[in-house]
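Peer 1: The structure is given below, and queries will be raised subsequently.
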């Protein structure tokens, strides 16, 4: 699995006025059917003027619930990873056979081997894409479930602490709206701590130092299968 987690979450910009939220009773984001069926809390006395930022993507991953569920998904997908690795090893073995025995094969045998490699390579690529789509869908389900609960909680947190605007910094500039923001206005950690307290999900047990991932603790390794690196197949002479 790759060390870079998949960017599955649609950009969610929380540059929303809390006064407007109070009037419309709308959630900060409702990208799923479940979101559209949930009712948001009505914010009262939302007269704050402070501006804050939150990395929603990081917050989802950093919650105890997120770490638990994404780790479980990663383990669930391990058999598929191993299956894809086996397919890739088979293709690479055939390519190696072609490269080392090419001059010893007649045209018919060589053509048959080249065709076999091409077919298996295409099958592997389809399998990888299907696995990626499946992993992405399951990641989305986890993220949306957490976001659905985090949204109303964030609105209340902002109102209780005098915020008038909160901006999502998940996508860095120029892909996102924020050119620069200092840590003093970032509320990600506070929201994560509040979410953990309300969810009741215990923090995951620390991993042994020898197997600790190199990625930040708030972002687990990707559960999306990595595409095998194709190597050139020698063309028939």
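Peer 1: Answer yes or no: is there a residue in region 156-163 that is free of Cβ contacts under 8 Å to residues at least 60 places away in the same chain and more than 26 Å from residue 73 (Cβ to Cβ).
Peer 2: So the first thing to find is which residues in region 156-163 are free of Cβ contacts under 8 Å to residues at least 60 places away in the same chain, and the list is 157, 160.
So of that shortlist, the ones also more than 26 Å from residue 73 (Cβ to Cβ) come out as 157, 160.
Taking every residue of region 156-163 in turn, at least one turns out to be free of Cβ contacts under 8 Å to residues at least 60 places away in the same chain and more than 26 Å from residue 73 (Cβ to Cβ).
So that you can scan it fast, the table gives a plain yes or no per residue for (1) in contact with a helix residue (DSSP H, G or I) (Cβ under 6 Å, 6 or more places away or on another chain); (2) farther than 30 Å from residue 196 by Cβ; (3) free of Cβ contacts under 8 Å to residues at least 60 places away in the same chain:
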| position | (1), (2), (3) |
| --- | --- |
| 78 | no, no, yes |
| 97 | no, yes, yes |
| 112 | no, yes, yes |
| 115 | no, yes, yes |
| 124 | yes, yes, no |
| 131 | yes, yes, no |
| 135 | no, no, no |
| 145 | no, no, no |
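Peer 1: Counting only residues that are under 26 Å from residue 199 (Cβ atoms) and in contact with a strand residue (DSSP E or B) (Cβ under 7 Å, 6 or more places away or on another chain), which one in region 155-164 is surrounded by the most Cβ atoms within 10 Å (Cβ to Cβ)?
Peer 2: Selected residue: 158.
Peer 1: State all residues of region 53-106 that are touching a strand residue (DSSP E or B) at 6+ places or on another chain (Cβ under 6 Å) and assigned to a helix (DSSP H, G or I); if no residue qualifies, say none.
Peer 2: Correct list: 56 only.
Residues checked against (1) assigned to a helix (DSSP H, G or I); (2) more than 21 Å from residue 70 (Cα to Cα); (3) modelled with pLDDT of 95 or more:
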position	(1), (2), (3)
110	yes, yes, no
136	yes, no, no
140	yes, no, no
153	yes, yes, no
159	yes, yes, no
164	no, yes, no
181	no, yes, no
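The values are calculated or read from the model by the stated rules, or taken from the named source; none is laboratory data. Keep in mind that this is a model prediction, so the values were computed, not measured. Ideal geometry is used to build each Cβ from the backbone, glycine not excepted, and the neighbour counts take in all protein chains shown.
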